[in-house]
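Written below as structure tokens is the structure these notes are about.
The values are calculated or read from the model by the stated rules, or taken from the named source; none is laboratory data. If you're wondering where the values come from, they're calculated on a predicted model, not measured in any experiment. All Cβ positions, even for glycine, are placed from backbone atoms using ideal geometry, and neighbour counts span all protein chains on display. These area figures cover heavy atoms from the full protein model, side chains too; ligands, DNA and RNA do not enter into them. Shrake-Rupley method; radii C 1.70, N 1.55, O 1.52, S 1.80 Å.
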Amino acid sequence: MLVIGLGNPGAEYAGTRHNVGADTVERLASRHGQRLRGGRYQSLVAEAVVGGRRLALAVPITYMNDSGLAAAPLVRR
């Protein structure tokens, strides 16, 4: 299963409603002992096991309007 948390890069969006998705995925990774790391596909990525299910976690490093550039290759993989 793939979980993608959308947000916008930059300090001006930190802690705002624009980054709720990204913040949620970062917290999910942290709660399960993982850290999002720079990866391919213009995203920060991690893997975690939650409730016995393996999850691929991703936060695109693009602006929300361009999140498809990161999400499409992640979904195909």
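Amide H to amide H, with H built 1.01 Å from N, Val50 comes under 5 Å of Leu55, counting only residues 5 or more places away or on other chains.
Over the chain, dividing the summed -39,500 (n - 2.57) contributions of all DSSP H runs of at least 4 residues by the number of residues returns a 222 nm mean residue ellipticity of -8500 deg cm²/dmol.
Which shape class applies to the chain: rounded if a/c is under 1.5, otherwise prolate when a/b exceeds b/c and oblate if not, where a ≥ b ≥ c are the square roots of the Cα gyration tensor eigenvalues?
Details: a/c = 2.04, a/b = 1.26, b/c = 1.62.
Taking the square roots of the gyration eigenvalues as a ≥ b ≥ c, the chain is oblate.
The amide H of Ile61, built 1.01 Å from its N in the peptide plane, has Ser43, Leu44 as neighbours under 5 Å, considering only residues 5 or more places off or on other chains. Length gained on full extension, His32 to Leu2: 9.3 nm, using 0.36 nm per residue less the C-alpha separation. How far is helix 20-31 tilted off the main Cα axis of the chain, in degrees rounded to 10, range 0 to 90? Roughly 30 degrees between the two axes. Protein heavy-atom accessible surface, 1.4 Å probe, per residue over the chain: 67 Å². Compared with the dominant principal axis of the Cα atoms in the chain, helix 67-76 is inclined by about 20°.
Residues in the stretch 3-14 carry Karplus couplings, in order, of 10, 10, x, 7, x, 10, x, x, 4, 5, 9, 4 Hz; the curve used is 6.51 cos²θ - 1.76 cosθ + 1.60 with θ = phi - 60°, and Gly or Pro positions show x.
Could you tell me what percent of the accessible area of the chain is made up of carbon and sulfur, with a 1.4 Å probe and every protein chain present? Mind dumping the intermediate values first?
On the way: 2600 of 5150 Å².
Heavy-atom surface of the chain belonging to carbon and sulfur, 1.4 Å probe: 50 percent.
Of the residues Gly51, Ala11, Gly33, the one whose Cα sits farthest toward the positive end of the charge dipole of the chain, with +1 on the Cβ of Lys and Arg and -1 on the Cβ of Asp and Glu, is Gly51.
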